[in-house]
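Below is one structure, written out as structure tokens; the observations come after it.
The values are calculated or read from the model by the stated rules, or taken from the named source; none is laboratory data. Treat the numbers as computed from the prediction; the structure is a model and nothing was measured. We place every Cβ from the backbone using ideal geometry, glycine too, and count neighbours over all the protein chains shown. Areas reflect the complete protein model, heavy atoms only, side chains present, ligands, DNA and RNA absent. Shrake-Rupley method; radii C 1.70, N 1.55, O 1.52, S 1.80 Å.
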Amino acid sequence: MNCPLQSEETRDLLLDYTANRLHEASVKQLELHMASCAACAAFRNDQAAVWSALDAWEPAPVSSHFNRNLWAKIDAAASAPWHEKVLQALRLGSWKPAAPLALAALAIAAGFLLDHPARQTVAANISVESPNTVVAVSASEADQVEETLDDIQLLYQFESPGAAAGARGQM
């Protein structure tokens, strides 16, 4: 027989033996193995000590007014004012399971913000009289100025003398 402690599939075999849940044939085969395997024999002795301690354990008796006290606490919690219930929900201990999720979301947001910085502003000298005056212009403002200049240029083309003569010839 292979050692039950060495194989994942047979590890529960020793636990079943100590809990008296094995068939007679398996019990005899396992006892023969434990006679030659010190590790399995030590496991059996340790489990026997655990089972004997559990058999000897006596739970403390429940007091006669246990149910009455339990229902009093349940009724007190149910009739508590709303602000106490909110404070109870906001205690730090109740948020412990959500803390790793919040930290992960914060790390993702920080990574996104660091990877995608805000649009840089371009500094331009505007004043001819005072060359030290610098005005910051964003990229969207520069695009808007460019579109406006294109529109003005288009209007000048319509007002040119050649455009007016061509418009009269079409009429």
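Residues that are in contact with a Lys or Arg (Cβ under 8 Å, 6 or more places away or on another chain) and modelled with pLDDT under 90: does the range 17-25 have at least one? Scanning the range 17-25, I find at least one residue that is in contact with a Lys or Arg (Cβ under 8 Å, 6 or more places away or on another chain) and modelled with pLDDT under 90, so the answer is yes.
The set of residues in the range 36-49 being over 12 Å from Leu14 (Cβ atoms) and either under 43 Å from the mean Cα position of the chain (by Cα) or open to solvent by less than 90 Å² (accessible area, probe 1.4 Å) (or both) consists of Ala38, Ala49. Taken over the range 8-34, residues that are open to solvent by less than 90 Å² (accessible area, probe 1.4 Å), without any contact (Cβ under 8 Å) to a residue 12 or more places away in the chain and within 23 Å of Ser52 (Cβ to Cβ) amount to 5. Of the helices (runs of 4 or more DSSP H) lying entirely inside the range 36-119, those carrying at least 1 residues that are touching a Leu at 6+ places or on another chain (Cβ under 8 Å) are 38-56.
Within the range 55-75, restricting attention to residues that are at pLDDT below 90 and of a type in the set (A, V, I, L, M), the residue that is most open to solvent (accessible area, probe 1.4 Å) is Val62. Candidates are the residues of the range 26-46 that are among the polar types (S, T, N, Q) and either in contact with a His (Cβ under 7 Å, 6 or more places away or on another chain) or modelled with pLDDT of 90 or more (or both); the one that is nearest to Gln6 (Cα to Cα) is Ser36.
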